[in-house]
């Protein structure tokens with residue numbers, strides 16, 4: 001038998017109980033050093049998707065909606081807006097719906113570029129807003145994260161110019177799953193938003209279990225202008241392919257966003273989201289399974305001595321010591337699709353959390369290739 005700690009055996013057995021019979025058998029065997037069989041499908045750890053969703057209630061809502069597919073008014077948009085308002089304690093006129101939060105992001109980027117202004121963001125960070133703003137004429141001012149891989153608010157503040165029309169913050173960040181301390185962020189947003197839009201992308205906020213984190217929804221609720229908070233159904237609700245997202249802001253700003261955006265959610269998407277946001281049990285299940293998967297990958301980091309960022313989301317970010325294109329190609333041959341490179345951190349890999357037994361296979365493969 002391989003030399004395994006009691007903790008590893010217990011971890012393997014505990015995950016087995018929560019992962020289904022066949023995966024559970026594989027996990028228990030892996031604790032004793034036996035090889036996990038390669039799945040007969042591609043394991044996706046590349047796009048921060050929810051591997052469990054959509055939930056059964058969302059699937060049922062979609063099935064019930066097919067009969068309305070011929071109708072323009074097949075879904076009740078007002079009911080969706082009122083539900084999101086109740087859940088977030090904001091009036092419905094403070095909400096704009098988009099085809100994924102990406103549409104809200106891109107529209108905000110367009111608004112910034114329409115004013116011939118620059119956009120300030122952390123580097124690296126998520127790309128939708130800054131890519132769209134750059135493509136439509138804005139200068140993008142990228143501020144490197146600090147030595148601890150955190151968003152550097154002081155450096156971002158210094159980078160703001162007179163022509164800066166938007167400051168973009170992702171919290172938790174992506175591809176680095178770090179957070180911005182809530183009090184520092186609040187003070188920063190209140191100050192900077194006096195003269196320009198501040199956009200806080202909270203795509204992963206449901207996954208955070210950290211007392212230093214705080215949503216900026218309260219600033220929207222209090223009526224502050226020039227502040228946008230975005231949320232998405234893509235992650236916690238497993239609806240990435242259905243494209244449902246929300247922007248929360250002062251009514252003057254949500255009206256402008258709604259006027260400028262060009263997409264329209266389908267009857268299936270709206271009704272699936274309406275069901276999803278009322279289903280607490282599936283959200284709790286997703287969070288529980290995400291923690292199991294993170295425990296597996298972070299145990300590997302500790303065992304192999306990786307530099308990594310403690311995750312506040314549904315993905316891990318760690319230093320491989322290898323060119324990421326090489327890593328990508330090697331894993332693809334093993335039936336795993338990993339994330340792309342995120343310059344300038346070209347030897348750091350982002351890994352989305354798949355199901356626990358799939359993460360065990362990832363760890364086995366990583367050790368075989370690079371351990």
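Values in this text are rule-based calculations from the coordinates and carry no lab data. The structure displayed is predicted, hence computed values, not measured ones. Glycine gets a Cβ as well: all are built from the backbone with ideal geometry, and neighbour counts include every protein chain shown.
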Kindly rank 154-160, 309-315, 219-225 from highest to lowest mean number of other beta carbons found within 10 Å of each residue. 309-315, 219-225, 154-160
Counting pairs of alpha carbon atoms under 8 Å apart in space and at least six apart in sequence, what relative contact order in percent does the stretch 56-276 give? 29
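If neighbour count is taken as other Cβ atoms inside 10 Å, put 248, 207 in order from fewest to most. Each step should come with its number before you reach the end.
Working: 248 27, 207 23.
Neighbour counts put them in this order, fewest first: 207, 248.
For the chain, what is the relative contact order in percent, using Cα pairs closer than 8 Å and at least 6 residues apart in sequence?
On the way: 694 pairs, mean separation 87.8, N = 371.
So the answer I get is 24 percent.
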Where does the stretch 56-276 land on Rg/Rh, using Cα atoms and the Kirkwood Rh? 0.97
Inverting the mean 1/r over all pairs of different Cα atoms, compute the Kirkwood radius of the chain and quote it in Å. 21.7
The extension gain from residue 260 to residue 333, computed as 0.36 nm times the residue separation minus the Cα-Cα distance, is 21.9 nm
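What's the ranking of 358-365, 42-49 by average number of surrounding C-beta atoms within 10 Å, highest first?
Details: 358-365: 23.2, 42-49: 18.8.
The densest-packed peptide leads the list: 358-365, 42-49.
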Going by how many other beta carbons lie within 10 Å of each one, how would you line up 72, 370, 132, fewest first? 72, 370, 132
Could you give the Stokes-Einstein D for the stretch 189-229 in µm² per second, using the C-alpha Kirkwood radius, 37 °C, 0.692 mPa s? 298
For all pairs of alpha-carbon atoms in the stretch 208-365, what percent lies in each bin of width 10 Å, listed from the first bin to the last filled one? 9, 28, 31, 24, 8, 0
I'd like the distance between the alpha-carbon centres of the stretch 200-244 and the stretch 297-338, rounded to an integer number of Å. 26
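For every helix of n ≥ 4 consecutive DSSP H residues, a contribution of -39,500 (n - 2.57) applies; sum these over the chain, divide by its total residues, and give [θ] at 222 nm rounded to the nearest 500 deg cm²/dmol. Show your work: numbers first, answer last.
Values: 14 runs with 160 residues, N = 371.
When only DSSP H runs of four or more count, the value is -13000 deg cm²/dmol.
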Most fluctuating residue of 176, 200, 324 in a GNM of the chain with Cα springs under 10 Å: which is it? 324
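Among 281, 82, 292, which comes first, second and so on when ranked by fewest other beta-carbon atoms within 10 Å? Walk me through the intermediate numbers first.
Values: 281 10, 82 14, 292 19.
Lowest to highest Cβ neighbour count: 281, 82, 292.
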